[in-house]
Structure formats: C-alpha cells, structure tokens
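Okay, so here's the structure we're looking at.
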Amino acid sequence: MDKLIDKLVDTRWFMKIVALILALFLFDSVYDADKELKDINVPGQQDSGIVENVPVKSYYDTENLVVTGIPETVDLNIEGPKSHLEQAKKLQNFEVYVDLTNAEIGSQRVEIKIRDISDKLDVTINPQYADVTVHEKVTQEFKVDAEFNNGLLGEGYSADAASAEPKTVKITGAKEVIERISFVKATLDVKGPITETITDEATVRVLDREMNKLDVIVEPQVIQVTVPVKQLSKTVPVTIVRKGDPQDGVTINSIELDVNEASITGREEILNETESVRVEVDVSKIEKDTVLTLPVIIPDGISAVDPKTVKASIDVSTEENAENADREEESTEEPAEETQAQEQEETKTFSSLPINLAGLAEEYEAVLKNPASGRTSITVTGKSSTVQDLKAEDFNLYLSLADLGEGDHEVPINVDGPSGVDIKTASGKATITITRKEEA
C-alpha cells in the first residue's frame with residue numbers, strides 16, 4: 001500500500017490536482033476576508049450632512065384642540081455610512097414628528113422625534129424641543145366688512161358701501177385667539193380708474209385690535225365683494241350772460257332758452273360749489289330776431305354737461321320797427337291815452353327746491369330715485385312786478401303718494417305757488433321706490 005501511495009505521489013497528475021485543490025481553498029479564504037472587511041465601517045467610509053427645512057408633523061386631537069408653538073420645519077444633522085446617508089438625503093422617506101396624543105390643555109415642552117430612518121445613521125434634530133401650548137378649539141361666525149379704495153374711482157364717480165357675499169364666515173382657532181378678533185375684513189384689490197359697478201374676489205383677513213393678523217382658519221377664505229359705482233351728477237339752472245353792447249338802433253327785448261336746466265357731472269366737492277352753468281350771447285352781433293345754438297359753458301372741474309348745447313331765441317326791436325309802430329298808432333282812431341301799455345313779462349328760475357312727500361301710508365317708507373338729490377328747479381314766468389318779488393319759500397313742491405303701494409312709481413311733481421304766474425318744473429315727474437317698514 002505504501003508503495004502504491006509513493007508511486008501515486010510521484011506522478012505529475014497527482015501534483016496538479018493537489019495544487020488545484022489548494023488554490024481553491026486559498027481563494028475561498030481571501031473572498032471571505034474581503035466580505036468581512038466590507039461589513040466593517042472603517043473611518044474612510046463615514047460621512048455627515050445637513051438636511052434643511054424638514055416638515056414637522058404633529059399628532060393630537062384635531063377635532064377638539066388647537067396647538068401652537070410647533071415649528072413648521074427643522075434641520076437635521078446626519079452622520080453615518082455614506083451610502084446610507086446619501087439614500088436618506090435623496091429619498092427623505094423618514095418622518096419628523098411631535099406626539100401630543102396624550103397632551104393636556106396648557107403649555108408644555110415636547111421633544112421633536114424622527115422615525116423610519118436607518119439605525120446606522122446618527123441624527124441630531126435642530127431644534128430638539130419645542131415649547132407648545134394646547135388650546136381648546138372654538139368655531140364662531142363673524143360678519144365680514146367689505147372694503148374698497150375710493151381713490152381708484154374715476155373722476156366724477158362715487159361708490160356706495162361695498163357688500164360681501166357671503167356676508168359671514170366661520171372662523172376656527174384657539175379660544176384665546178378667537179376672543180382677540182376685532183376685525184374681519186375683505187378688501188377688493190383692483191386697478192383703477194373704476195367707472196362702473198364691480199364684483200371680484202377678495203381674501204378674508206382676520207385682525208386683532210392692533211391690526212395684527214391672527215392665526216386662524218377661515219371658511220370660506222375667499223369671498224365675492226361688490227362695489228356699486230355711480231356717476232356723480234347734479235341739476236342746475238342755465239343762466240344767460242350777455243356779452244358786448246347792442247348795435248345802435250337795436251334793442252334786445254328778451255332772450256329765452258329752450259332748456260332752462262342742465263345735468264352736470266364731476267367731483268363731489270366741485271358739484272357742491274357749482275350752482276349754475278351759463279350760456280354766453282354776444283348781443284353786439286344781433287341785428288334782428290334770431291335763434292342761436294350755443295354751447296353750455298361749465299366751470300373747471302366739471303367733467304360733463306347734458307345738454308351740451310341749447311337754443312337761444314332772441315327778440316329784437318330796431319328804430320325802423322319803432323317808427324312803423326308809431327305810424328300805425330297814429331293812424332288808429334282811438335285816442336292814445338286810451339291805449340294801455342302792457343307790462344313786460346319776466347322769467348325767473350329757482351334752483352334746488354326740495355321735493356316733499358305727501359299722503360304716504362304709515363306702514364311704508366319712500367326713497368326718491370330720480371332726481372336722486374330730492375330736489376329740482378322751477379321756472380316762473382309772469383309780470384315783472386310780480387316775479388321780481390318772488391322767493392323760493394313761496395313755492396311748495398310735493399309728490400302725492402296716497403293709495404300707492406310697494407314698488408317703483410313715476411309720480412307727477414306738483415307745485416303750490418302764488419297765483420298770476422306760470423310755473424314749470426325742470427323735471428315733470430319723479431321716480432320713487434316705496435317699501436314696507438321693517439317691524440321693530
């Protein structure tokens with residue numbers, strides 16, 4: 001047997017097989033050693049990094065409580081194997097949170113924690129703790145004050161009070177914060193100039209007494225705001241201004257306009273100062289009876305006038321006409337002393353007289369829509385001696401509202417005044433809205 005083994009060892013194939021077996025053992029040994037080295041965190045494979053603005057979740061009874069003081073985000077300082085670190089920074093599939101499920105109402109310090117991150121990473125949270133306050137949750141309904149910047153209105157326009165839709169909103173927050181609410185506003189943010197009624201969206205703002213914004217939940221957060229815009233106008237008399245002197249032998253007996261009033265628009269302060277507009281008649285160019293179309297002249301600051309032009313009828317007498325009249329008078333058989341000269345008529349305008357309401361049933365109330373000012377003008381024509389002594393107090397303008405019910409009505413404007421004169425109103429009728437009074 002020994003001889004057989006010696007003979008086998010001496011062969012070339014035996015030695016090759018033994019060498020191959022040894023080589024395989026050596027390779028397996030080296031491979032296992034390398035694998036063990038990879039599982040060891042050697043200093044060269046460690047790394048660190050910062051993940052900023054990581055959102056913080058909070059867990060508490062959201063139906064009955066409100067928590068303040070929890071930071072919206074935190075920063076994480078992470079250390080550990082580079083491969084784990086890079087994966088955590090890239091995926092951010094971890095959660096930073098505050099657990100307040102068992103918290104009681106009041107102030108307390110809580111720890112900010114992290115979970116679902118590799119246990120091979122060392123994490124430092126900044127800040128690590130938060131001072132929070134747990135409040136009782138309250139929901140109340142508040143009226144919204146709609147606002148609008150009147151400086152955006154076009155010249156000659158005004159705006160009525162802005163209105164909100166819906167008129168109220170529900171506000172939810174901590175009881176202490178709800179008690180601090182002083183203003184709930186919705187301001188319309190649009191570009192000017194505004195020349196018509198506008199409706200647009202506005203965000204509701206909740207403010208305290210010092211106009212600081214409060215941290216609350218508003219439902220709805222965005223509402224509709226409407227601003228009624230109208231053109232400022234006023235009715236004033238048209239006055240006649242004579243320019244120049246009549247030619248020799250020409251006498252201007254009268255100048256009458258086809259329209260005695262005009263509607264003007266402009267800024268409110270200018271309207272308040274304006275009592276009339278004028279028509280200028282150059283009498284130096286008048287030679288005979290004529291009708292002229294003349295522009296209505298308005299003061300500075302008035303943006304528009306209606307009508308823009310009026311017709312002026314000019315009655316003229318000349319020396320030639322007077323001589324002809326004398327001849328006709330001499331040819332008559334009636335004595336001159338029996339001819340009574342007729343007294344010249346005169347026209348006078350009284351502006352901005354109040355329109356009174358008469359006969360309205362007690363259960364109703366009425367608002368004048370046109371003229372909106374509740375005033376109008378009258379033109380009085382009669383003998384000069386009578387007209388010159390008249391005053392505005394001599395006339396009573398009124399609407400007879402007896403037997404009228406709810407709704408819009410067009411009613412004649414009645415005038416009580418002295419006898420012997422002809423009275424005409426600038427507005428023959430007025431538009432009025434009648435509504436039933438609200439019960440107290």
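The values are calculated or read from the model by the stated rules, or taken from the named source; none is laboratory data. In this text, all values refer to a predicted model and were calculated from it rather than measured experimentally. Counting neighbours? That spans all protein chains shown, and the Cβs are built from the backbone with ideal geometry, glycine included. Only protein heavy atoms, including side chains, enter the accessible area calculation; ligands, DNA and RNA are left aside. Shrake-Rupley method; radii C 1.70, N 1.55, O 1.52, S 1.80 Å.
Brief remarks on what is shown
- Of all the criteria given as (1) in contact (Cβ under 8 Å) with a residue 24 or more places away in the chain; (2) assigned to a strand (DSSP E or B); (3) β-branched (Val, Ile, Thr), the one not satisfied by Thr386 is (2).
- Residue match in segment 307-317 (condition: open to solvent by less than 50 Å² (accessible area, probe 1.4 Å), assigned to a strand (DSSP E or B), touching a residue at least 40 places away in the same chain (Cβ under 8 Å) and closer than 30 Å to Glu165 by Cα): no
- Residue match in segment 418-430 (condition: in the same structural domain as Glu362 (by the TED database), open to solvent by less than 40 Å² (accessible area, probe 1.4 Å) and touching a residue at least 60 places away in the same chain (Cβ under 8 Å)): yes
- Residue count, segment 333-361 (criterion: polar (S, T, N, Q) and either open to solvent by less than 70 Å² (accessible area, probe 1.4 Å) or at pLDDT 60 or above (or both)): 6
- Residues of segment 181-191 satisfying the condition of being in contact with an Asp or Glu (Cβ under 9 Å, 6 or more places away or on another chain), in a loop (DSSP other than H, G, I, E, B) and either touching a residue at least 60 places away in the same chain (Cβ under 8 Å) or farther than 11 Å from Met211 by Cα (or both): Leu188, Asp189, Val190
- Verdict on Ala146 being under 23 Å from Val54 (Cα atoms), among the aliphatic types (A, V, I, L, M) and part of a strand (DSSP E or B): no
- Within segment 347-383, the residues that satisfy the criterion of being of a type in the set (S, T, N, Q) and in a strand (DSSP E or B) are Thr347, Thr349, Ser351, Ser352, Asn356, Asn370, Thr376, Ser377, Thr379, Thr381.
- Residue in segment 259-269 that is in a strand (DSSP E or B), assigned by the TED database to the domain that holds Val310, more than 20 Å from Gly374 (Cβ to Cβ) and open to solvent by less than 50 Å² (accessible area, probe 1.4 Å) present: no
- Entirely in segment 197-242, the strands (runs of 3 or more DSSP E) that have 3 or more residues that are under 30 Å from Glu275 (Cβ atoms): 229-231
- Against the conditions (1) within 22 Å of Glu136 (Cα to Cα); (2) surrounded by 15 or more Cβ atoms within 10 Å (Cβ to Cβ); (3) free of Cβ contacts under 8 Å to residues at least 60 places away in the same chain, Ala174 satisfies every one except (3).
- Index of the failed condition, Tyr157 passing every other in (1) farther than 30 Å from Pro299 by Cα; (2) surrounded by 15 or more Cβ atoms within 10 Å (Cβ to Cβ): (1)
- Taken over segment 189-214, the residue count meeting the criterion of being modelled with pLDDT of 90 or more, open to solvent by 40 Å² or more (accessible area, probe 1.4 Å), among the charged types (D, E, K, R) and more than 10 Å from the chain's Cα centre (by Cα) is 4.
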